[in-house]
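Structure first, commentary second.
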Amino acid sequence: MNQSTEQSPPAGSHGDTEQLLDDAERVLADGDAVQAERLVRLVRNNRPDHPLALFLAGRLERLAGRHDAALELLGHAAALDPKHVATHLELALLHRRVRDFDRCLDELSLALYYDPDNTTAFTELGAVHQMQGDLDGAIEYFLKALERNPDHAHALAELGLCYLRKERFAEAIELLERAVERDPYNIAAQNHLSFACVRLEEYDRALEIMQKLTKGTTRSMLWQRINLGTAYDHTGRFDESERTYDFVLRFEPNNFSAHWNRAHLVLARHDFEHGWPDYLYRLQVEDAWAPRLIPFAPWKGEPLRGKTIAVSAEQGLGDQIMFASCVPDLYAQGASVILECDQRLSALFTRSFPQVRVIPSQHELEPRWLREVGMLDFHAPAGNLPTVLRRRLDDFPRHQGYLRADPTKMENWRARVAALGPGLKIGISWRGGTRTTRKQLRSLTLRDLLPILRVPGCHFVSLQYGDAARPELAALREAEGIDIAHWQDAIDDYDETAALCCALDLTISVCTSVIHLNGALGRPVWVMVPAVAEWRYGRQGGQMPWYPAVRLLRQGARGEWEPVIETVASELVRLAARRVRQ
């Protein structure tokens, strides 16, 4: 047995005490808390009120998770030596972790009083503001910390996280890279870096980071594995992605994000029976679901005859259109239906579902329309309807369109479209998504589409939303002499968009809400689908179960759009030739 512990010399002299405490700080910095605790105890056996010994003892108690003991020791140390900045910083950290922000800020003020340029104090101030939801205030303090020490790894990582939360992804990546470079063992910084790469659609890089981070781990790093599963998914490694989420759920059966992410994979292979239960977990995921206070019993498939059900809107326009395909099933069962929707869809839904009370909404936490409807029997978020009504592929109706455009507006658009001249009239949309919804994967440029746009016998009409559409069209006209009609009044009003789509012979588009609109109107649409598509488009095949009129033309590999565009152009040549023969 090693007897060195028992035979260590007593800490009697000042020199012995200082040396033992220096050694304790050094070994604690190296991660040896056991040896540090032994050395501190030796000092306190002889000098129980030594401020530095009390500080180190309190820090050791904090590291061991003994909050009350740490507070008592550190408070005693601060009373004996109020100028010791590190003691105030330890106390601030303890108070912040139990969200006692007032006492935390008091300790940080004392730390900065005695050391006005203390980088750690400014970093802690940033952390407090971040926890209180004040990202701008947090950023200000993290920047002050980095002014004093540009290489402070923790401040770099926390500032990177703030930028990540503000969706300033490129800046976040730069800061997080610097943080990881200065502290390769900072797991949180690596995790945030991977997430930022996912948001910027740098999926291969995110995958590399997360594979290294989780290599050889078992139960640990479960949240990091969520990012790993996402990176696998977006790089087309679907089986590995699903196994990753299964692994997380083995240890955390109620991990909401793992269920929600796995739902996309299972639904994408059209295993609706097993995918929809996971899809329900979106209601618990903050990034996926905006809370709603709608106080009616949740509908889980109970008989509806003679009952009233409210269907609340969720997600984007395309999802609201897609889930509205289930609404006829409800009133076919004898229910009175109240359908909430985005204001832009109100006129279209009111016309298309005359049996339904349609209520336009701004997606408030507590909807204003609740005051008008009285007590109802059931409520269902729109995305819950298919969990009951579309459990198998055979449950999807072979409809010819369930939305109806305004007949007068259709006639108006037919006249304007006919004025373009003889030939096919083709709607075109080339950009989809946003910076956080896979825009890079699902977007093209007009130059990419030149093989399609040069097909003779076709007139193209822009269905592209966004401020950049008209400058892009002007640049195409200038460079290539190709004129694509763009009517802003059709883009600004969704009811007009629907009427214009019905006046066209065909729409060709990337994955965006115009697909859902055309499909729900029963209008033919060809979709250029990325190799890693959203679950709505399935994993393979040329059709969407939601919309029989939609034809899918898929990438063979990520980033390879040329074969898809060539196929679309060839098919369009044949279609134009048939039109001439007719």
statement: Residue-normalised 222 nm signal for the chain, counting each DSSP H run of n ≥ 4 as -39,500 (n - 2.57), nearest 500 deg cm²/dmol, is -16500 deg cm²/dmol
statement: Contact order relative to length for the stretch 443-582, counting C-alpha pairs under 8 Å separated by 6 or more residues, stands in percent at 21
The chain - share of DSSP beta bridges that are antiparallel (%, nearest 5): 5
statement: Calc'd 3J(HN,Hα), the stretch 229-241, phi into Karplus 6.51 cos²θ - 1.76 cosθ + 1.60 (θ = phi - 60°), Hz, glycine/Pro = x, comes to x, 5, 5, 4, 4, 6, 9, x, 9, 5, 5, 5, 4
- prompt: Once a ≥ b ≥ c are taken as the square roots of the eigenvalues of the Cα gyration tensor of the stretch 185-283, is the result rounded (a/c under 1.5), prolate (a/b larger than b/c) or oblate (a/b not larger than b/c)?
  reply: prolate
- prompt: What angle, in degrees between 0 and 90 and rounded to the nearest 10, separates the Cα long axis of helix 562-581 from the longest principal axis of the Cα atoms of the chain?
  reply: 10
- prompt: Which value, in debye to the nearest 20, describes the size of the charge dipole of the stretch 320-370 about its Cα centre when Lys and Arg Cβ atoms bear +1, Asp and Glu Cβ atoms bear -1, and nothing else is charged?
  reply: 200
task: Give the long-range amide H neighbours of ILE508: residues separated by 5 or more places, or on another chain, with amide H under 5 Å away, using H modelled in the peptide plane at 1.01 Å from N.
output: GLY427, ILE428, SER429, TRP526
- prompt: Taking the highest mean first, how do the peptides 290-296, 523-529, 186-192 order by number of other beta carbon atoms within 10 angstrom per residue?
  reply: 523-529, 186-192, 290-296
statement: Taking Cα atoms only, helix 169-182 is inclined relative to the longest principal axis of the chain by an angle, in degrees rounded to 10, of 30
field: Solvent exposure, largest accessible area first (probe 1.4 Å, DNA, RNA and ligands not counted), of GLU366, GLU302
entry: GLU366, GLU302
Where the stretch 174-251 is the region considered: accessible area per residue in Å², 1.4 Å probe: 48
- line: Which residues qualify? For ALA297, with a placed amide H closer than 5 Å and at least 5 residues away or on another chain, they are HIS379
Rounded to 5, the percent of DSSP beta bridges in the stretch 452-582 classed as antiparallel: 10
- request: Give me the angle, in degrees from 0 to 90, between the Cα long axis of helix 33-46 and the longest principal axis of the Cα atoms of the chain, rounded to the nearest 10.
  value: 30
query: Check ARG554: other-chain or 5+ apart residues with amide H under 5 Å from its amide H, H built from backbone geometry?
result: VAL529
task: Given the peptides 380-388, 508-516, arrange them by the average over their residues of other C-beta atoms within 10 Å, most packed first.
output: 508-516, 380-388
message: I need the per residue convex hull volume for the chain, using only the alpha carbons, in cubic angstrom as a whole number.
response: 195
- request: Taking the dipole about the Cα centre of the chain, with the C-beta of Lys and Arg at +1 and of Asp and Glu at -1, give me whichever of ILE139, VAL532, ALA127 is farthest to the positive side.
  value: VAL532
- prompt: Rounded to a whole number, what % of the accessible area of the chain do carbon and sulfur atoms account for, probe 1.4 Å?
  reply: 48
- prompt: Which FRET efficiency value, to the nearest 0.05, is calculated for TYR114 and ARG447 with the Förster distance at 56 angstrom and r the Cβ-Cβ distance?
  reply: 0.35
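The values are calculated or read from the model by the stated rules, or taken from the named source; none is laboratory data. Since the model is a prediction, treat every value here as computed from it, not as a measurement. All Cβ positions, even for glycine, are placed from backbone atoms using ideal geometry, and neighbour counts span all protein chains on display. Protein only, heavy atoms only, side chains kept; ligands, DNA and RNA dropped before computing areas. Shrake-Rupley method; radii C 1.70, N 1.55, O 1.52, S 1.80 Å.
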